[in-house]
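Report on the structure given below.
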Amino acid sequence: MGKYFGTDGFRGEANVNLRVEHAFKVGRFLGWYYSKDHKAKVVIGKDTRRSSYMFEDALSAGLTASGADVYLLHVTTTPSVSYTVRSDEFDIGIMISASHNPYYDNGIKIINGKGQKLEAEIEEKIEEYIDGKIDEIPLATRENIGRTVDYAMGRNRYIGYLISIATRSFKDKRIGLDCSNGSASSIAKNVFDALGAKTYVINNEPDGTNINNNCGSTHIEVLQEFVKEKGLDAGFAYDGDADRCIAVDNNGNVVDGDAIIYVCGAYLKKNNKLTGNKVVTTVMSNIGLYKALDKLDIGYEKTDVGDKYVCENMMNNGYVLGGEQSGHIIFSKHATTGDGILTSLMVMEAMLENKASLSDLVKAYKIYPQVLENVKVDDKEKIMSNEKVLKICDEVNEALGDDGRLLLRPSGTEPLIRVMVEADSDEKCRKYVNDVVKVIKELL
């Protein structure tokens, strides 16, 4: 974790701790860094936040001042930027978005030439330039100054790519889409309509301040009610930049990222497409997922929290499916980042292949109760290595056995220790969380 860049880019409240001069300097450095031996090509997309337009202008100014040419996708999704970088051979891509955060936040996500998140060592160099630790970068002059180009066609090509992935018509399927008043508003309905679905869309009228506001994947209850009210076959909710998806089945029940990995893992295995017979998860995935995968004889890897780490594991080992409980799902055959709309298409493929409802596909998947409590501490490392804490953790895990687990981990961004227990009852979860929290608080 850097000073400005976290696991998902440079994020903060617009014009407070993520300011225009930050964006300009990010553009200045990237334009110079990638233009050393040729004129760099950079593609930029943005979500629907009011401040995204401001940051788009600042980034473009910095990039072109350093000699790079900038191609504007306008309002689009993070995965579409990743796709465009790869398919059209851009040096890098930039997505302006704070994902599921409220409208007043924003972020700068940088995507490398492979369509993956930018390497940490380059992010460190950007931070040094922002803080004045690197000599001033020369300005481009005369014919070397960059230009901006309208590149809306890139987004349209991405829509065509998504449509081409589906192997079956969605005719007669009644599908609900919650676009979170964000990036999916300009793409999702077009894709489902083209594939023949009867599409019912909510929260697709962005005004710059309503992104993620009581809608989308972080407020799934809205789509649950909509699916039940309309009697739909399924529903899919996206976040602000549409790199995650949470589904709702025909009965209005939530199908989260873990359940989607289960459904799609079973589908891929049935079709002999699950390379290595493994999926990649994070340590936060529900124990119910692992027990369900065991019954299907599907193996799994566990990474640190963050789709960045999931992606690294998948690419290093050639796996084709991985993701997070939050709905960041990666299908490496088709994409190098989480893609909410692609995820919803793959769930539809599983439904159509099995001629089954989504509720039928998740019937064998049991979610274990989970209790999470955050404890504020001054020294995370000291707590994590304390003998009394380690002892109580061992005792809890021994008591839970194969029917539960304790996960103790430090927050990557806050002075918190997260205590999470999964077990076969809420009472057990609460008891064991309380036991661990009590020990930590006594040390404080």
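Every read-out reported here was derived from the displayed coordinates using simple, explicitly stated rules and does not represent laboratory data. The structure presented is a predicted model; accordingly, all values stated were derived computationally and were not measured. Note that we place each Cβ from the backbone using ideal geometry, even for glycine, and neighbour counts take in every protein chain shown.
The table below lists the values:
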| read-out | value |
| --- | --- |
| Part-to-part distance (alpha-carbon centres) for the range 359-379 and the range 232-250, which is given in Å | 19 |
| Considering only the range 166-361, percent of DSSP beta bridges that pair antiparallel, nearest 5 | 40 |
| Eligible lysines near residue 46 by straight Cα distance, threshold 26 Å, same-chain separation 8 or greater | 3, 25, 109, 114, 117, 125, 189, 308, 333 |
| Stretchable slack from residue 385 to residue 425, in nm (0.36 nm times residue separation minus alpha-carbon distance) | 11.5 nm |
| Rounded D (µm²/s) - the chain, Kirkwood Rh over Cα pairs, Stokes-Einstein at 20 °C, 1.002 mPa s | 94 |
| Stokes-Einstein diffusion coefficient of the range 5-153, Kirkwood radius over Cα pairs, 25 °C, 0.890 mPa s, in µm²/s | 165 |
| 349, 414 arranged by Cβ crowding within 10 Å, fewest neighbours leading | 414, 349 |
| Size-normalised alpha-carbon gyration radius of the range 370-443, reference 2.2 N^0.38 Å | 1.03 |
| Per-residue Cβ neighbour rank within 10 angstrom, fewest leading, 367, 330 | 367, 330 |
| Mean shadow area of the range 88-210, taken as a quarter of the surface of its Cα convex hull (nm²) | 10.9 |
| Partner lysines for residue 391 [C-alpha distance under 22 Å; skip if fewer than 8 residues away on the same chain] | 376, 380, 382, 428, 431, 438, 441 |
| Rounded Å value of the spacing that divides the Cα centres of the range 140-186 and the range 14-75 | 20 |
| Coordinate range along principal axes, alpha carbons of the range 166-361, Å, largest first | 42, 36, 27 |
| Normalised alpha carbon radius of gyration of the range 216-265 [divisor 2.2 N^0.38 Å] | 1.07 |
| Additional length obtainable on full extension of the chain from residue 205 to residue 125, 0.36 nm per residue less Cα span | 24.9 nm |
| 222 nm mean residue ellipticity, helices alone, for the chain (DSSP H n ≥ 4; -39,500 (n - 2.57); rounded to 500) | -12000 deg cm²/dmol |
| Rounded to 5, percent antiparallel among DSSP beta bridges of the chain | 50 |
| For residue 330, distant residues with modelled amide H under 5 Å away | 322, 323 |
| Choice from 356, 234, 292 showing the highest fluctuation, given a GNM over the chain with Cα pairs closer than 10 Å | 356 |
| Gyration tensor over alpha-carbon atoms, the range 248-393, equivalent ellipsoid semi-axes in Å | 30, 18, 14 |
| Point-charge dipole on Cβ atoms (K/R +1, D/E -1) for the range 370-443, about Cα centre, debye to 20 | 300 |
| Among beta bridges that DSSP assigns inside the range 5-153, antiparallel share in %, nearest 5 | 40 |
| Span per principal axis, largest first, for the Cα atoms of the range 237-310 (Å) | 33, 30, 23 |
